[in-house]
1. Sort through D217, D192 and tell me the only one that's exposed (fewer than 15 other Cβ atoms within 10 Å of the Cβ), closer than 24 Å to M237 by Cα and away from the ligand (no atom under 16 Å from the Cβ).
2. Out of the residues in region 220-261 that are in contact with a Phe, Trp or Tyr (Cβ under 7 Å, 6 or more places away or on another chain) and more than 14 Å from the ligand (Cβ to nearest atom), state the one that is most open to solvent (accessible area, probe 1.4 Å).
3. Inside region 295-316, can you point out the residues that are open to solvent by less than 40 Å² (accessible area, probe 1.4 Å) and farther than 14 Å from T211 by Cβ?
4. Taking N363 as meeting all but one of (1) under 17 Å from G19 (Cα atoms); (2) modelled with pLDDT under 95, write down the number of the exception.
5. Where in region 44-162 are there helices (runs of 4 or more DSSP H), lying fully within it, with 3 or more residues that are within 16 Å of the ligand (Cβ to nearest atom) and not basic (K, R)?
Amino acid sequence: MKIGVLGAGQLGRMMAISGYPLNHQFGFSGQTNKESSALLGHMFASEDNPDHIESLVAFADVITYESENTDVEMVREINKDIPVYPGEKSLFTAQHRGREKALFNQLNIPCAPYQVINSITDLEQALTYIGLPAILKTATEGYDGKGQFLIRSADQIKAAFESMKGAESILEGFVNFKRELSLIAVRGIDNDHKYYPLVENIHHNGILRLTIAPAQDIDPRVQKTAEHYMQTLLDEMNHVGVLTIELFDTENGLVVNEKAPRVHNSGHWSIDGANTSQFENHIRAISGMPLGDTTSIHNYSAMINIIGRTGPIQIALNMPNAHLHLYDKAERENRKLGHINITADSLSELEHSIQQLKDFLPN
Ligand code: AMP
């Protein structure tokens, strides 16, 4: 099949790497011919073709996207001609934190209390309902912790409101969590569902730095609960492909933070750590193939992001249980340039290996 990807970043790149052995071909849309995916398929770049989206659609049998900020109107138009997966509803709800939380509430999926904010009066009223501390977030286009303001005291209300620069926002109750988790799942065109194990994610300055797979000390009932929330979402949205939910692990159980209608950074470990990676499963799903086994191959895996500068990658290349994945990107502050996957059969081996790669981690 010819698979068209809206976007040409590292996620599309890794989809193509996993999809070629299945005999698929890939095309990407982007701004320039120098993007991460460019050398892995037909590149339809706006810099040399104003009709690059039409050209991508003409090339493809099926379309997918690698960002939740993909234009929904464009997806609707394309969908009149060829299928677009994961689909319009998954995209639409993921683009607005208010819509997303409303969906969680409708499906009885626990999430932080929230209110949509359009004025300072809205914010004052919402704070009396939600209480302090609370987090004000832009309703759209926030990522990696950007567009957020933690309000600890009432004298910060004006500063918080002004930091949104007039954009619609939502106020969320602060969740006292023990740790952050995510669940990745895939749903096929035939309604088959498969789930990866819950993983633990460690962030620094809002950017994911380390994922441990599976998350340690997870009661099987907690995994089942997370899968239940996931299944409810997948079915409600008629989602085809990979879906990710980010969760807070709290004293009172799981609280869902947000969802991403796509392959996710916290699933990169699965390339080397699971029988079928999230990328291959996404491609299998959208091309109508049977889903692959999501079981881990090793007892433990970890993923360390390479952020900002490439760093001492020879260390990883000299480790028998480390796997380097670079995205063909120039160094830039806070940019995701690649990641290193580690596989291990004991916790001490995992910890020792992470220690060997400490130059890639903050502090
Ligand atoms: P988000 O962009 O919603 O993923 O938020 C980025 C990070 O901010 C999360 O990974 C959490 O560490 C933190 N965060 C977001 N929402 C909340 C919340 N309601 N309570 C506590 N921490 C939060």
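The values are calculated or read from the model by the stated rules, or taken from the named source; none is laboratory data. These numbers were taken from a predicted model, which means no experiment stands behind them. Because the Cβ atoms are built from the backbone with ideal geometry, glycine has one as well, and the counts that use them run over all protein chains shown. Only protein heavy atoms, including side chains, enter the accessible area calculation; ligands, DNA and RNA are left aside. Shrake-Rupley method; radii C 1.70, N 1.55, O 1.52, S 1.80 Å.
1. Numbers: D217 fails: closer than 24 Å to M237 by Cα.
It is D192.
2. Result: E227.
3. Filtering region 295-316 down to residues open to solvent by less than 40 Å² (accessible area, probe 1.4 Å) leaves 296, 301-308, 310-313, 316.
Within region 295-316, G308, T310, G311, P312, I313, A316 meet the criteria.
4. (1)
5. On the way: elements: 52-59, 72-79, 88-94, 97-106, 120-130.
Once the helices (runs of 4 or more DSSP H) in region 44-162 are filtered for at least 3 residues that are within 16 Å of the ligand (Cβ to nearest atom) and not basic (K, R), what remains is 97-106, 120-130.
Yes/no per residue for (1) open to solvent by 60 Å² or more (accessible area, probe 1.4 Å); (2) of a type outside the set (G, A, S):
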{"residue": "N108", "(1), (2)": "yes, yes"}
{"residue": "Q115", "(1), (2)": "yes, yes"}
{"residue": "D122", "(1), (2)": "no, yes"}
{"residue": "G131", "(1), (2)": "no, no"}
